[in-house]
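Take a look at the structure set out below.
The values are calculated or read from the model by the stated rules, or taken from the named source; none is laboratory data. It should be emphasised that the depicted structure is a prediction, and the values quoted were computed from it without experimental measurement. Note: ideal-geometry Cβ built from the backbone for every residue, glycine included; neighbour counts use all protein chains shown.
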Amino acid sequence: MSFLAETLKIAFLGPGGSYCEIAKDEFKDKYDIYPVEITFNTISKVIDFVDNNPLSLGVIPLENTLEGAVRESSDNLIKTKNPNIRILSEIVIPIQHCLLSKVTEIYSITGVIAHPRVIEQCNDFISTQLPLNLDIIKTSSTEEAARLLDGYNLTYSIIGSKKTASAYNLNIVCENINNDKMNTSRFALIGDFETQVTGNDKTSIAFSTENKSGALLEIMQIFAQYNVNLTYIDSRPSREKFGDYIFYVDLDGHIKNENVAEALLKIKEKVKYYRFVGSYEKSNVII
């Protein structure tokens, strides 16, 4: 039985065939769960829902290979009222944008409706494969683009995923049209549950130190002392006092591993703010 068997609801960013929705489907399959699905239009609303609803899960984006860390996710995740809301699992998904339309021939396309960032990610294809006088309409989301498409003639298109095509009964005119074919995004499953050691785990924490010389070095030395390998470190303004920063760290191992547990205990004693963000199995890219 899955450790998430008691899950009642799962919230995610969407709908409209979003990549977050694709990640949600993968998490459901992985843990063989069938919760009620709830969609929100912002990451903070997903996190707030999980924070206020016991036995619920959320799916949020953490990082993209082109855009970097998703600040809205990390900043809100460490501020939940329930300190036990944490990352339970991660998944990495290739971002493969498709040109979608009610027609099937690319030479018929005269307009594209899409989010500005998506247009930017596909500008090589748009500038070389579509008409020079192409009508480009910018929207706030792929979902909005799909809804707006009904108001335009058949020669208009949107840019979305294969799941978007399925959700809105559209034809896939061209696949994988994004500039960077290696573009991927990492998504997290969050909730108030306890994970088990798999032997291929990572742990995420957030902390802040006193604003003095050598404070961060002292923390780094603790990781070295306990042979804990750091795989990611980033800093963000605390938004409480100018010059104060919160450090986000990913490290190899699970909090139930002895060396990790002892290192984090030492670090917790040395910092002025500490938040355990989760121990969970590392993800492989879905092909």
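Okay, here's what the table says:
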quantity: Test: ALA215 is hydrophobic (A, V, I, L, M, F, W, C) and surrounded by fewer than 19 Cβ atoms within 10 Å (Cβ to Cβ); calculated: yes
quantity: Tabulated pairs, the range 27-45, first closer than 20 Å to GLU143 by Cβ, second surrounded by fewer than 18 Cβ atoms within 10 Å (Cβ to Cβ) and among the aliphatic types (A, V, I, L, M), C-beta under 7 angstrom, 6+ apart or interchain; calculated: VAL36/LEU8
quantity: One residue from ASP32, ASP25 being in contact with a helix residue (DSSP H, G or I) (Cβ under 9 Å, 6 or more places away or on another chain), charged (D, E, K, R) and surrounded by fewer than 18 Cβ atoms within 10 Å (Cβ to Cβ); calculated: ASP25
quantity: Residues (closer than 17 Å to SER140 by Cα and either modelled with pLDDT of 95 or more or of a type in the set (S, T, N, Q) (or both)) located in the range 160-182; calculated: SER161, THR164
quantity: Count of residues meeting criterion [in contact (Cβ under 8 Å) with a residue 60 or more places away in the chain and under 22 Å from ILE93 (Cα atoms)] in the range 196-233; calculated: 6
quantity: Within the range 1-15, considering residues that are within 17 Å of the chain's Cα centre (by Cα) and surrounded by 22 or more Cβ atoms within 10 Å (Cβ to Cβ), the one modelled with the lowest pLDDT; calculated: GLY14
quantity: Positions within the range 139-153 being more than 16 Å from VAL103 (Cα to Cα) and exposed (fewer than 14 other Cβ atoms within 10 Å of the Cβ), in sequence order; calculated: SER140
quantity: Candidate set: the range 195-220, residues that are out of contact with any strand residue (DSSP E or B) (no Cβ under 8 Å at 6 or more places or on another chain) and of a type in the set (D, E, K, R); chosen: the one modelled with the lowest pLDDT; calculated: LYS212
quantity: Filter pass, SER157 being of a type outside the set (A, V, I, L, M, F, W, C), more than 30 Å from TYR107 (Cα to Cα), touching a Ser or Thr at 6+ places or on another chain (Cβ under 8 Å) and surrounded by 14 or more Cβ atoms within 10 Å (Cβ to Cβ); calculated: no
quantity: Number of the exception - GLU90 against (1) without any contact (Cβ under 8 Å) to a residue 60 or more places away in the chain; (2) buried (at least 16 other Cβ atoms within 10 Å of the Cβ); (3) in contact with a strand residue (DSSP E or B) (Cβ under 7 Å, 6 or more places away or on another chain); calculated: (1)
quantity: Top-ranked residue in the range 41-56 [being under 14 Å from the mean Cα position of the chain (by Cα) and crowded, with 18+ Cβ neighbours inside 10 Å; ranked as modelled with the lowest pLDDT]; calculated: ILE43
